[in-house]
Amino acid sequence: MDKLLIKDAGPLDGSVKISGAKNAALPILMGSLLVDGVTSIGNLPHLNDVTTTLELLGRLGAQLTIDDKFNVDIDASDIHSHEAPYDLVKTMRASILVLGPLIARYGQAVVSLPGGCAIGARPVNLHIEGMREMGAEIEVEAGYVKAKVNGRLKGAKIFMDTISVGATENLIMAATLADGVTTIENAAREPEVVDLVNFLNAMGAKISGGGTSVITIEGVERLHGGQHNVQPDRIETGTYLVAAAITRGRVLCKNTDPTLLDSVLAKLEEAGAEIKTGDDWIELDMKGQRPKAVNIKTAPYPAFPTDMQAQFCALNSVAEGTGIITETIFENRFMHVLEMQRMGAEIDIEGNTAICRGVEKLSGAQVMATDLRASASLVLSGLVADGETLVDRIYHIDRGYETIEEKLQNLGASIKRVG
Ligand SMILES: CC(=O)N[C@H]1[C@@H](OP(=O)(O)OP(=O)(O)OC[C@H]2O[C@@H](n3ccc(=O)[nH]c3=O)[C@H](O)[C@@H]2O)O[C@H](CO)[C@@H](O)[C@@H]1O
Ligand SMILES: C=C(OP(=O)(O)O)C(=O)O
C-alpha cells in the first residue's frame with residue numbers, strides 16, 4: 001500500500017495550480033443523469049472519487065467520452081440500470097447523490113446505504129424524508145434504499161431541521177424534474193450547492209436562491225445538454241495556504257476563487273499571514289514568522305468549514321500560544337489529533353473541543369491516515385517535523401488531493417510516494 005514519506009525542507013516557496021472541487025464535481029456528475037442530451041464537464045479533478053463516480057455512471061448505462069484533458073462528455077439517455085451497488089458506494093459516501101436524479105428521471109432507484117465513516121455516522125434521513133415529501137415511496141431494506149414513484153415527483157415544501165449539503169443537493173436534483181414548485185428551507189449555502197445550481201440552470205432547470213437558505217425549484221419537463229466547468233476547490237486551496245503558513249513560507253494559489261474562502265483567509269490573517277488576492281489567485285506570505293495559534297469553530301457555510309479543521313489543528317500544533325478548536329458538524333472528527341500526539345503535538349480533546357498548545361517543533365513518526373482531511377493534516381505536520389514522517393493509508397488523500405506530492409514538491413517540499 002502506498003505511503004507518503006516527508007521530511008522538513010524549510011519554508012515552502014512557489015505557486016500551485018488549484019484543481020476543480022471534488023465536492024462540486026461529484027453532485028454535478030450525478031446531475032448529468034437528469035440531462036436529456038450530452039453533458040460536457042470541464043475542470044474535473046483527477047481523483048479517485050471522480051473515477052468512482054464515472055464508473056458508477058458507466059455501470060448505470062451512461063455513455064462516457066473522456067479526452068486527454070479529462071473533459072468528460074456524458075450521455076445518460078440510455079440508462080439500463082437504476083442500482084448503485086455496495087461495492088462502489090462503500091468507498092464514497094457521495095454515491096447517495098444518485099438517488100435524486102434516478103428517481104426524478106426514471107421513477108426508480110436502488111442505492112446502497114453509504115454507512116458511517118471515520119468522521120461520524122453520516123445518516124441520510126433528510127435525503128429520504130425530503131423525497132418522500134415529494135411523493136416517492138421509499139423503503140430501506142437489507143442495507144439498500146429502494147425508491148420508486150408513479151409518474152413524476154411532485155413539488156413540495158421541505159424544511160430541513162439540520163443543514164445538510166448532500167441532502168440539499170439531492171433534493172434540488174429530485175425537484176428539478178418534478179411536477180410543480182419545491183422550496184427547500186434551511187438549505188445549505190455552501191459554494192458547491194451554488195455550482196450545482198448553476199450547472200442545472202445552464203441545462204434548463206429553473207432554480208433560484210442558490211447560496212441562500214431558501215431554494216426554490218420550479219420543476220421542468222426535461223433538461224437539455226450543455227457544458228459546465230467545475231468551480232475551484234476551496235478546501236484544496238485552503239490546505240496549500242496552511243502549508244505555506246505552517247512552514248513560514250510563501251505560496252501563490254492560482255486558478256482559485258478567493259471569494260469562497262472568507263472564513264479561512266480571516267483565520268490565516270489572524271495567525272499572522274500576509275494575504276493578497278486577485279480575481280483567481282491568493283498569495284499567502286508568512287515572511288518567515290511563526291504562526292500564532294487561532295481559535296476555530298466549524299459550522300455550515302459561510303462559517304469555518306469542517307473540511308479545514310484538521311489542517312488548522314496541524315497549524316496550531318506548532319503555533320505560538322494556545323488555540324481552541326470546536327467541531328460542531330461531525331462527532332468524531334479528531335482522529336488526526338491522536339496521530340499528531342504521536343508526533344509530539346500537545347493537544348487535548350474534551351468532547352467536541354481540541355485544545356492545542358503550540359510546540360516549537362514536531363518530531364517525525366510513522367502515522368496512519370484515517371480520513372481525507374486527517375491525511376492532509378498529517379502531511380502538513382510532516383512538513384515541519386524533525387526527521388522522517390511516514391503517512392500510511394494514503395488512499396484517503398487520493399480521494400481529495402490531485403497529485404499532492406508533485407504539487408508540494410514544486411513548492412520545495414521533501415515528499416515522495418513509497419510502496
Ligand atoms: C461530497 C461532499 O460534498 N462532502 C461534504 C459534505 O458531506 P455531506 O453532504 O455528507 O455532509 P452533510 O452536510 O450532509 O452533513 C452535515 C451534518 O448533517 C447531518 N446529517 C446529514 C444528512 C442527513 O440526512 N442527516 C443528518 O443528520 C450529518 O450527520 C452532519 O452532522 O458536507 C460536509 C459538511 O460540510 C463536508 O464535510 C463534506 O466534505
Ligand atoms: C468528508 C469529506 O468528503 P466525503 O463527504 O466525500 O467523505 C471531505 O471532503 O472532507
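Only one residue in L97, L102 is among the aliphatic types (A, V, I, L, M), part of a helix (DSSP H, G or I) and touching an Asp or Glu at 6+ places or on another chain (Cβ under 8 Å). Which one?
L97
Is it fair to say T51 is without any contact (Cβ under 8 Å) to a residue 24 or more places away in the chain, closer than 16 Å to V98 by Cβ and not assigned by the TED database to the domain that holds G400?
When the stated conditions are applied, T51 passes them.
Evaluate the following for T91: is it within 16 Å of ligand 2 (Cβ to nearest atom), among the β-branched types (V, I, T), assigned by the TED database to the domain that holds T176 and surrounded by fewer than 17 Cβ atoms within 10 Å (Cβ to Cβ)?
So T91 fits the description; yes.
Exactly one condition in (1) farther than 23 Å from A142 by Cα; (2) crowded, with 17+ Cβ neighbours inside 10 Å is not met by G100; state its number.
(1)
Tell me which residues, restricted to the range 166-207, are more than 16 Å from ligand 2 (Cβ to nearest atom), in contact (Cβ under 8 Å) with a residue 40 or more places away in the chain and in a helix (DSSP H, G or I).
Within the range 166-207, L171, I172, M173, A174, A175, T176, F199, L200 meet the criteria.
At least 3 residues that are touching a residue at least 40 places away in the same chain (Cβ under 8 Å) in each: list the strands (runs of 3 or more DSSP E) lying fully within the range 221-289 that qualify.
223-229, 250-254, 281-285
I need the full set of residues from the range 336-367 which are in a loop (DSSP other than H, G, I, E, B), among the small types (G, A, S) and more than 22 Å from C117 (Cα to Cα), in order please.
G344, A345, G358, G364, A365 - these are the residues of the range 336-367 that are in a loop (DSSP other than H, G, I, E, B), among the small types (G, A, S) and more than 22 Å from C117 (Cα to Cα).
Does A374 satisfy the condition of being within 16 Å of ligand 2 (Cβ to nearest atom), under 18 Å from F312 (Cβ atoms), assigned by the TED database to the domain that holds C313 and at pLDDT below 95?
no
Hey, among T176, T162, which residue is of a type in the set (S, T, Y) and buried (at least 18 other Cβ atoms within 10 Å of the Cβ)?
T176
Per-residue answers, yes or no, for (1) surrounded by fewer than 24 Cβ atoms within 10 Å (Cβ to Cβ); (2) more than 25 Å from G387 (Cβ to Cβ):
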| residue | (1), (2) |
| --- | --- |
| Y301 | yes, yes |
| M308 | no, yes |
| Q311 | no, no |
| A319 | yes, no |
| T328 | yes, yes |
| N332 | yes, yes |
| V337 | yes, no |
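Tell me whether the range 207-214 contains one or more residues that are within 21 Å of S19 (Cα to Cα) and assigned by the TED database to the domain that holds T39.
No, that holds for no residue.
Go through (1) polar (S, T, N, Q); (2) under 21 Å from A109 (Cα atoms); (3) within 9 Å of ligand 1 (Cβ to nearest atom) one by one and return the number of the condition N150 breaks.
Evaluating N150 over (1) polar (S, T, N, Q); (2) under 21 Å from A109 (Cα atoms); (3) within 9 Å of ligand 1 (Cβ to nearest atom) leaves (3) as the failure.
Conditions: (1) under 22 Å from the mean Cα position of the chain (by Cα); (2) surrounded by fewer than 22 Cβ atoms within 10 Å (Cβ to Cβ); (3) among the aliphatic types (A, V, I, L, M). V220 meets all but one. Number of the miss?
(1)
Of all residues in the range 282-319, how many are farther than 23 Å from L411 by Cβ and either more than 24 Å from the chain's Cα centre (by Cα) or of a type in the set (A, V, I, L, M, F, W, C) (or both)?
Qualifying residue count for the region: 5.
The values are calculated or read from the model by the stated rules, or taken from the named source; none is laboratory data. Computed from a prediction, not measured in an experiment: that's the story for all the values here. Because the Cβ atoms are built from the backbone with ideal geometry, glycine has one as well, and the counts that use them run over all protein chains shown.
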